[in-house]
Amino acid sequence: MAKLSKGAKSGSRDWLKHYPDAVTYVISKLSREEQAEVDRTINEWELSGPPDDVKSALAEKKFGPKIKDTIKELQKTMGVQIFVMAGYRRPNGQAIKVQ
């Protein structure tokens, strides 16, 4: 990606415009076995979503901000007040509340 983006800042508009080419390049370098594994993973995730550890990692990072953004947007566009109690479970079963 660094070669394709010619030093553009990661995540910037210039960097993102090279992302499809980078993905195409990486996929073209996969062996048949690796491509078959990618296809199996895609099919599994389309049916049941990612594994619990991936869901939990995503929840750790994005769930709280996503809830807050949704609440702010609804307040701004509709003038409503929303009170939410939200949480998730880690793969070990531990319940986590969102701040």
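To make sure I understand the rule: partners must be lysines, Cα under 23 Å from the Cα of Lys29, and not fewer than 8 residues away in the same chain. Which ones qualify?
Correct list for Lys29: Lys3, Lys6, Lys17.
With no solvent and one point on each alpha carbon, what is the Debye value of log10 I(q)/I(0) for the stretch 52-97 at q = 0.15, 0.31, 0.33 Å⁻¹?
Listed by q, the Debye log ratios stand at -0.46, -1.08, -1.16.
Given a 10 angstrom Cα cut-off, can you work out which residue in Ser12, Ser48, Ser56 is the most mobile in a GNM of the chain?
With Cα springs under 10 Å in the chain, the top fluctuation among Ser12, Ser48, Ser56 is at Ser12.
How high is the relative contact order of the chain, in percent, with contacts defined as C-alpha pairs under 8 Å that are six or more residues apart?
Across the chain, relative contact order equals 16 percent.
Which value, in Å to one decimal place, does the Kirkwood hydrodynamic radius take for the chain when every pair of different Cα atoms is included? Please list the in-between numbers first.
On the way: mean 1/r = 0.0579 Å⁻¹.
Answer for the chain: a Kirkwood hydrodynamic radius of 17.3 Å.
Could you tell me which residue out of Leu58, Tyr25, Gln81 lies farthest along the dipole of the chain toward its positive end? Charges go on the beta carbon: Lys and Arg +1, Asp and Glu -1, centred on the Cα centre.
Gln81
Run through the stretch 1-93 and list the trypsin sites (Lys or Arg not before Pro) located in a DSSP loop whose Cβ has at most 10 other Cβ atoms within 10 Å.
Details: sites: Lys3, Lys6, Lys9, Arg13, Lys17, Lys29, Arg32, Arg40, Lys55, Lys61, Lys62, Lys66, Lys68, Lys72, Lys76, Arg89; in loops: Lys6, Lys9, Lys17, Lys29.
When the trypsin sites (Lys or Arg not before Pro) of the stretch 1-93 are filtered for loop state and at most 10 Cβ neighbours within 10 Å, Lys6, Lys9, Lys29 remain.
Just the Cα atoms of the stretch 2-48: what Rg and Dmax do they give in Å?
Cα only, the stretch 2-48: 13.9, 38 Å (Rg, Dmax).
Compute the helix-to-body angle for 32-48: its Cα long axis versus the longest principal axis of the chain, expressed 0 to 90° and rounded to tens.
The angle comes out at about 20 degrees.
None of the figures in this text is laboratory data; all of them are computed from the coordinates on show. Note that this is a predicted model, so its numbers are computed, not measured. All Cβ positions, even for glycine, are placed from backbone atoms using ideal geometry, and neighbour counts span all protein chains on display.
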